Amino acid sequence: MKAPPKDRGPTLPVEAVKPLMRQYLQIKRKYPDCILFFRLGDFYEMFFDDAVTAARELDLVLTSREKDEGQRVPMCGVPWFAAEGYIARLVRRGYKVAICEQMEAPTPGRRLVRREVVRIVTPGTFLGDEGPEAAYLAGLVLHRDRLGVAFLNVADGEVVTCEIPVAEAADRLADLWSRFPVSEVLYPEGWPPERCRRWQGSNGPSAPWTPVPDWVTDPAYARELCRRVFRVESLQAFDLEDRPVACAAVGTVLHYLEETQRVPALHVRTVRHLSVERALVLDAATVRNLELVRNLADGTTHGTLFGVLDHTQTPMGQRLLMDWILQPLQDRAAIERRLDAVEALVGRPAELEELRRRLRPIPDLSRIVARIGVGTATPRDLGRLREGLAQLPAVWQCLQAWPPRGLLEELIEPPGDEVQALTDELRRALIDDPPPHTKDGGFIRDGYDPELDRYRAVARDSRRVLLEFERRERQRTGIPNLRVGYNRVFGYYIEVTRSYLGRVPADYERRQTLTQAERFTTPELRQLEEQILTAEERALSLEQDLFRRLLEQARACIPALQRVAERVARLDVLANLAYVALRHRYVRPHIHEGTTLEIRGGRHPVLETLLTDRTFVPNDTRLDPSDQQIIVLTGPNMGGKSTYLRQVALICLMAQMGSFVPAESASIGLVDRIFTRVGATDHLSRGQSTFMVEMIETAYIVRNATPRSLIILDEIGRGTSTFDGMAIAWAVLEYLHERWPSGPRTLFATHFHELVHLADLYPRVRNYAVAVHEDAEGITFLYRIVPGPSDKSYGVHVARRAGLPDEVVRRAQQILGELEGLEKSLEAAVGRISSSEASPPERPPAGPLPAMKRQEVVRRHLPALVQPTLLAMDARYAALEKLAEELLGMDLDAVSPRQAWEFLERWQKRLRKPR
């Protein structure tokens, strides 16, 4: 957690400072890790190092004010009505902000008003953003050999929790960090720093880690807190009664929320337990490598699966779609319910478009409800809530066009009477466009409250009211020149000239005597005076009271409102998936409990939308642990190997999140985990090279894969020497094949052509290649995956396409020819040696040597095989250097034609000698 630099503060004791600054310092000392927004009239002011930090981060002008003994205090400020935007900027940068308000109105003769911190805004509790990602507040609690983890979605009021064995904590947390976008992590303040670093991991959240007192994480305290928040006697319904560590983690995030917001967490109503059996697990590397929600280029959503699938109409739907992408299902029944709903929606395109149009005006109900729950909702929030709720009848009317299939069955019931009553009340109470704050009033509709109407009438029509009073008094008394006036000393008065004093009624009370007149008042005039002078103040106070009553009514509806928000979000996501399926020609996948994976005409969902110069080439895939468990894929760079690997993983993920998929047909045997090892990165700051990162990720895959996993391996072993890399790749594939009778479905792309011999040794390994058309003009990538191995990598051709200079390409072709000649010589020599070493019963068959035998022979005899060839190459290069030396030393003006001819003949013979 970022905090302002340690505030140097004044050098004088607090008692010697002026009262206002003394009050500031007393409050600031209670919140040393926060930037204190100190309310002064219409501004929030910051002082000392808080001011320096805020001025730098917010581009504010840094000024100063004089303090005792001539010292200057740095200060800056922001208008109170614009504070939320500035607070949001600070929170996004990792700071905590304490909001200190004036708790009473200034009065004449009183120099200092009471002030208190009413709210602390932190990255994990901030409710201002309405972006696509949910912001989770995470809590970690360690008790004996179990780690409790809780993720609180402050906007939706849901807590997700689990317990993890400490021995598995690092790996399991790495998975969780990738699934839940965390804004802040809470941990006991007694933890050593190295534990936090270890559990944050190399791919953990960059969000601030905030310590909390150890007693907050006590299971007994957490149990009582959870019972109070959820308003139950037993936590059995939330499955927390017998899970003390998970309960402690839930209690930690609830305590922090209430501590920072200064109100009960009324909107937190749901606890969900993570289940490995119900979810398809995606580790951090897979989320990154498949570019599910953030691309590798600039970290935005462009070019990601989320970017392609997101055509949602509401902020809640957008966040839920991201959750579905990051947390696919493994429960077949739940997947089928989603697919049934999408299929039903796809069947009526016109009605689907109307439904999406009806959803579009609905605001972020979840965040509005959360602000109602924590007491920060504004009149504008309630106005947006009213407009959103007013759209619901039309949305549910649209739903009647479909039969209640799958998940639609849970969504088709309209909101209840409680929600409709709140909608009607908000419609009666609020003006059409309420302001974003309550300070100036004017947000309650005329006619809603008779008393407020009277105050407003007095405030707006005070002159008319006084003229009407004056007219009535003239008529009642018969005094034609009676008039009503006002001065600052006596207030409102009735003035009567001396000639008419005899007609003054008995209820007139003398207030002032003048030379030519007397001034009086009456009980009615005093009442009017009080009403006129205090009408605006009382109108504002009454409006604020009425607003608080509306908030209380809305708070009472929080559970119903949350159900509405959840159903709207799910409906929006389902309609979105149906729209995308129609737009991109996706088909419904067949999900089954087996392990066979068959895709016909599969396409990469992202790349096919980005191609503008050509049509995406679809490909088939078949993986079956019983006979085609592992595919070794070879072929040239830029031929489409990596795209093919990723598209298979993305199609499986889309199917299990409940989406239609980009293919002609797809039959998906349920996958429990997707692993990917793709690309080359390093973590130099952690002392990890590219190859070390590659090996760490590979080790994680090998240790955690199960027979139901899908593994994507792209170019393992290329970060080290050829033999080491090939040996590691060979051993990994061999392990994945031999570890289980029917192992994890695996796609392995490689440039180690020696690995194609694995198909000769292991029955469930198959070779496939990327098809290439080669002719005199070069090569053409066909982007088709075909059975059989590739015999070339076409690296030099790719280099030419990449724009390497022609002379470099020609030289590379020359060296490639020499190395290929060397390889053929080695193959022939290996064949001779192997044949001579083999005893008659073990003589190898005709054709290519079995790969393992070939590797043994090469390792044993490599020096004897390679040295003569390398010596011959060295001799040739030495001769060429000698030729160049003689040419450079020759005086061309002094050489006769005969001498030149003899020189060329000599060198020609020398270079033609057998090497």
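The values are calculated or read from the model by the stated rules, or taken from the named source; none is laboratory data. Bear in mind the structure is a predicted one, so any value in this text is a computation, not a measurement. We place every Cβ from the backbone using ideal geometry, glycine too, and count neighbours over all the protein chains shown. Areas reflect the complete protein model, heavy atoms only, side chains present, ligands, DNA and RNA absent. Shrake-Rupley method; radii C 1.70, N 1.55, O 1.52, S 1.80 Å.
A compact table of results
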read-out: With Cα atoms, 0 to 90° folded angle of helix 169-179 axis to the chain main axis; value: 70 degrees
read-out: Flagged links, alpha-carbon separation over 24 Å, of Lys882/Lys909; Lys30/Lys96; Lys18/Lys96; value: Lys18/Lys96
read-out: Mean ellipticity per residue at 222 nm, deg cm²/dmol - from DSSP H runs of n ≥ 4 across the chain, formula -39500 (n - 2.57); value: -15000 deg cm²/dmol
read-out: Ratio Rg/Rh, restricted to region 136-276 and using Cα atoms, in which Rh is the Kirkwood radius; value: 0.93
read-out: Accessible surface, region 450-545, averaged per residue in Å² (probe 1.4 Å); value: 60 Å²
read-out: Segments 140-146, 370-376 sorted - mean Cβ within 10 Å per residue, highest first; value: 370-376, 140-146
read-out: Antiparallel bridges, percent of DSSP beta bridges restricted to region 590-804 (to nearest 5); value: 45 percent
read-out: Prolate/oblate/rounded label for region 590-804 (Cα gyration tensor, a/c 1.5); value: rounded
read-out: Cα-Cα separations in the chain greater than 57 Å, expressed as whole percent; value: 33 percent
read-out: Largest-first principal axis extents of the Cα set of region 19-121 (Å); value: 41, 31, 24
read-out: Alpha carbon convex hull of region 463-574, volume per residue in cubic angstrom; value: 155 Å³
read-out: Low-density loop positions, trypsin sites (Lys or Arg not before Pro), region 736-792 - DSSP coil, at most 14 other Cβ in 10 Å; value: Arg739
read-out: Of all accessible heavy-atom area on region 489-612, the percent that carbon and sulfur account for (1.4 Å); value: 47 percent
read-out: Protection-proxy order for peptides 463-471, 206-214, 594-602, each taking the mean of Cβ atoms within 10 Å per residue, highest first; value: 594-602, 206-214, 463-471
read-out: Region 379-436: translational diffusion in µm²/s, Stokes-Einstein, Kirkwood Rh over Cα pairs, 20 °C, 1.002 mPa s; value: 169 µm²/s
read-out: Loop GluC sites (Glu not before Pro), region 185-289, which have at most 15 other Cβ atoms in a 10 Å radius of their Cβ (DSSP); value: Glu189, Glu233, Glu241, Glu277
read-out: The chain - share of DSSP beta bridges that are antiparallel (%, nearest 5); value: 65 percent
read-out: Listed peptides 423-434, 351-362, 883-894 by packing density, highest first (mean Cβ within 10 Å); value: 351-362, 423-434, 883-894
read-out: Percent accessible area from carbon and sulfur atoms, region 19-121, protein chains only, probe 1.4 Å; value: 52 percent
read-out: Options Ile35, Val118, Gly77, ranked by Cα towards positive dipole end of region 19-121, top entry (Cβ charges); value: Val118
